[in-house]
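Enquirer: This is the structure I have questions about; it appears just below.
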Amino acid sequence: MNRAMMMSAAKNLLTRYGSTKNNIYRCMSTGKLTTVDVNEKSGVAVLTMNRLPVNGLNLELLRDIRNDIDEIEGNKCRGLILTSASSSVFSAGLDIMEMYKPNQDRLKEFWTTLQDTWLALYGSSVPTAAAINGHSPAGGCLLATSCEYRVMLPKFTIGLNETKLGIVAPKWFMATFCNVLPRRVAEMALTQGKMFSSEEALKVGLVDELAQSKEEAIEKCQQFFATFAKTNPFARAMTKQQFRSKDLQQLEDEKAQDLEAFLFFVNQPSVQKGLGIYLDSLKAKTK
Ligand SMILES: CCCCCCCC/C=C\C/C=C/C(=O)SCCNC(=O)CCNC(=O)[C@H](O)C(C)(C)COP(=O)(O)OP(=O)(O)OC[C@H]1O[C@@H](n2cnc3c(N)ncnc32)[C@H](O)[C@@H]1OP(=O)(O)O
């Protein structure tokens, strides 16, 4: 983050926290594929992804998540908990249909919206946590690891499995993973495309706690936010943003090249062939 960005972030934060210490605001859901419910007492917003069956991250869902994050920030919420309306899938990651035989204009819009959603979530000044109430591969894992804290239900899986699909996780996916895991564990898992069980994820630190139900997971996320009760919100947010600034700045600087690399990669005939085979294998499972 350069000096100008830092000053602007500081100004926003001062505006937000300067005069609103004791007020609680109600956030409203902006999208059709998400809902946002705010606990009026705690001021914590629960952002629920609701694109069933698997919360595949298509352009519209990403837009809704992005708009919700902006609204939660703007409405001075005290925390953001990301969760899913499904009882078995947090998010299946990027909707492969967006990348398979794509319309090129939409493909560009899709990737740019993913970049912006990540910048908003990873760099959010509001405390963030994920209540991971189902499987969370690839892009689902990216969303969860972009948050500051993770509580997961047992017997699900989470990880960046891109190499198993014949694709390469972008640098900022990897940076997000490395912000949570020891570097050695992250490199092994990334190259193997490893999906961790909930129990394994807890052991390596990919998630912070397990919970037996979604309600318990949300409660534990709220307890995490309560650990900031005696901190100054401005100082907290600036510390988080400075801690993450290298990763954020790198994507800000390389956004155009990252988009070009994505478009080039996805349009390779061998990648299209691989995505087609993978989609068929997913569909064959349900027959
Ligand atoms: C050199 C630098 C180059 C840089 C270039 C960068 C390029 C890299 C680009 C992007 C990175 C990619 C990130 C991703 O997120 S890719 C997506 C990865 N996701 C997965 O592999 C998960 C696949 N899904 C599953 O494993 C399972 O669905 C499940 C465990 C999540 C849930 O299982 P279950 O409840 O049994 O549901 P079904 O499998 O039956 O699925 C229901 C339904 O949904 C369809 N579906 C599932 N996942 C996806 C998906 N990700 N995209 C699209 N569609 C999906 C599935 O096919 C079923 O469909 P139906 O038969 O029509 O009902």
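Every read-out reported here was derived from the displayed coordinates using simple, explicitly stated rules and does not represent laboratory data. Since the structure is predicted, the reported quantities are computational estimates derived from the model, not experimental observations. Cβ coordinates were reconstructed from backbone atoms using ideal geometry, including for glycine residues, and neighbour counts include every protein chain displayed.
Enquirer: Give me the distance in nm between label points sitting 7 Å out from Cα along the Cα-to-Cβ direction at Glu60 and Ser197, one decimal.
Expert: 3.7 nm
Enquirer: Hey, another quick one. Which peptide among 83-93, 266-276, 169-179 comes first, and what is the full order, when sorted by highest mean count of other Cβ atoms within 10 Å?
Expert: 83-93, 169-179, 266-276
Enquirer: Something else now. Using DSSP, restrict attention to beta bridges with both residues in the chain and report what percent are antiparallel, rounded to the nearest 5.
Expert: So the antiparallel bridges in the chain amount to around 25 percent.
Enquirer: Here is a further query. Round to the nearest 10 and give me the degree value, 0 to 90, for the angle of helix 269-285's Cα axis relative to the longest principal axis of the chain.
Expert: Once rounded, one gets 80 degrees.
Enquirer: Next up: Please list 208-218, 99-109, 124-134 highest first by mean number of surrounding beta-carbon atoms within 10 Å per residue.
Expert: So the peptides 208-218, 99-109, 124-134, ranked by packing, come out 124-134, 208-218, 99-109.
Enquirer: Taking the Cα centre of the range 27-286 as origin and charging only Cβ (+1 Lys, Arg; -1 Asp, Glu), how large is the dipole, in debye to the nearest 20?
Expert: 440 debye
Enquirer: Now for a separate question. Could you tell me which residue out of Ala217, Cys141, Phe110 lies farthest along the dipole of the range 96-252 toward its positive end? Charges go on the beta carbon: Lys and Arg +1, Asp and Glu -1, centred on the Cα centre.
Expert: Cys141
Enquirer: What does the helix-only formula give at 222 nm for the chain: each DSSP H stretch with n ≥ 4 adding -39500 (n - 2.57), the total divided by the residues, and the result rounded to the nearest 500 deg cm²/dmol?
Expert: Result for the chain, helices only: -16500 deg cm²/dmol.
Enquirer: Could you sort the peptides 231-239, 244-252 by per-residue average Cβ neighbour count (10 Å cutoff), highest mean leading?
Expert: Averaged packing, sorted descending, gives the order 244-252, 231-239.
Enquirer: Mind checking the angle between helix 3-18 and the chain's longest principal axis? C-alpha axes, 0 to 90 degrees, to the nearest 10.
Expert: Helix 3-18 sits at roughly 50 degrees to that axis.
Enquirer: If you take the charge dipole of the chain about its Cα centre, with +1 on Lys and Arg Cβ and -1 on Asp and Glu Cβ, which of Ala201, Val46, Leu279 is farthest toward its positive end?
Expert: Positive-most Cα among the choices belongs to Ala201.
Enquirer: Mind checking the angle between helix 59-74 and the chain's longest principal axis? C-alpha axes, 0 to 90 degrees, to the nearest 10.
Expert: 10 degrees
Enquirer: Here is a follow-up. Roughly speaking, what is the stretch gain from Gln268 to Ala284, that is 0.36 nm per residue apart minus the C-alpha to C-alpha distance, in nm to one decimal?
Expert: Between Gln268 and Ala284, full extension yields an extra 3.3 nm.
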